[in-house]
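This report concerns only the one structure given below.
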Amino acid sequence: YLAVMFTDLSGSTDMSMGMEAENYANLMFELHDIYETCVTRHGGAVVQTQGDGVLACFGYPEAGENDGRNAVAAALDIKDEVGRLKVPGMGGAALQVHSGIHSGLTLLQGGGAGARGFNIFGPTVNIASKLSDLAGEGEVIVSAESLGPDRFNFNISAPKTLDVPGMQAALRVHSVTGRAEAGAQTHRRRGTSRFVGRGDDIARIAAALAPGGGGALRAAWLLGPA
């Protein structure tokens, strides 16, 4: 079960036509370096880079609860760092990438051409690729199931449904515009504000459990609403 990310450079065909081959090759080297750095920074693995695009996965070799969140964070980092690249002949215009992210079961096989020597197959990969194709310049589209409760860590659009070729049912997705502001407001949105006025209760629990460290058997009942 992996979170799969596809990212491509927007408008690359027209760009390549207006650049010297050497300058365009240097741009690709810089782009691939950004892909590798941002993906690995968030615990992912680059499966394959081809032309101006990258296929990456999160959840291998070690799976985590936040693989979808890490994929989105990597996509946002790529967007920011690519936007700071200086391209000869572009007149100072910022480069844009577009990304698609989807999570699901995949087939992983060794011997691939990627940086980690493996490749991934299955509908999850195809759907992530289609989401990338549907994304506009600078847009990150992620399936709702990939984000889950981690959606509160990002500024996202209202959920929308997309008809993705090859899928029988429409897919619920979000467009991610950036990272959510940290602090009390974020905690309130997530329902994770710290407990208030529970000092006496917590102290009683701690006192009841303390003798257990010496081998004594103790039990405590907690009664209250879920």
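The values are calculated or read from the model by the stated rules, or taken from the named source; none is laboratory data. A quick note: this is a predicted structure, and the numbers were derived from the prediction, not measured. Reconstructed Cβ throughout: ideal geometry from the backbone, glycine too, with neighbour counts over all protein chains shown. Accessible surface is based on the protein model in full, side chains and every heavy atom, while ligands, DNA and RNA are left aside. Shrake-Rupley method; radii C 1.70, N 1.55, O 1.52, S 1.80 Å.
Structure data summary
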quantity	calculated
Pairs with Cβ under 8 Å, 6+ apart, first in the stretch 192-217 and open to solvent by 70 Å² or more (accessible area, probe 1.4 Å), second at pLDDT 75 or above and not in a loop (DSSP other than H, G, I, E, B)	Phe195/Ile202
Subset of the stretch 1-15 [open to solvent by 40 Å² or more (accessible area, probe 1.4 Å), in a helix (DSSP H, G or I) and among the hydroxyl-bearing types (Ser, Thr, Tyr)]	Thr13
Selected residue (criterion: nearest to Ala75 (Cα to Cα)) from residues of the stretch 135-173 that are under 12 Å from the mean Cα position of the chain (by Cα) and part of a strand (DSSP E or B)	Val140
Pairs, first free of Cβ contacts under 8 Å to residues at least 60 places away in the same chain in the stretch 1-23, second crowded, with 17+ Cβ neighbours inside 10 Å, C-beta under 6 Å, six or more apart	Ser12/Asp52; Ser16/Tyr24
Qualifying residue in the stretch 26-48 (condition: surrounded by fewer than 16 Cβ atoms within 10 Å (Cβ to Cβ), assigned to a loop (DSSP other than H, G, I, E, B) and modelled with pLDDT of 85 or more)	no
Options Ser132, Ser99; residue that is in a helix (DSSP H, G or I), surrounded by 13 or more Cβ atoms within 10 Å (Cβ to Cβ), among the small types (Gly, Ala, Ser) and modelled with pLDDT of 90 or more	Ser132
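Conditions (1) among the aliphatic types (A, V, I, L, M); (2) touching a His at 6+ places or on another chain (Cβ under 7 Å); (3) modelled with pLDDT of 90 or more; (4) surrounded by 13 or more Cβ atoms within 10 Å (Cβ to Cβ), marked per residue:
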residue	(1), (2), (3), (4)
Ala113	yes, no, no, no
Pro123	no, no, yes, yes
Asn126	no, no, yes, yes
Ala144	yes, yes, yes, yes
Asp150	no, no, no, yes
Ser157	no, yes, no, no
Gly166	no, no, no, no
Ala169	yes, no, no, no
Ser175	no, no, yes, yes
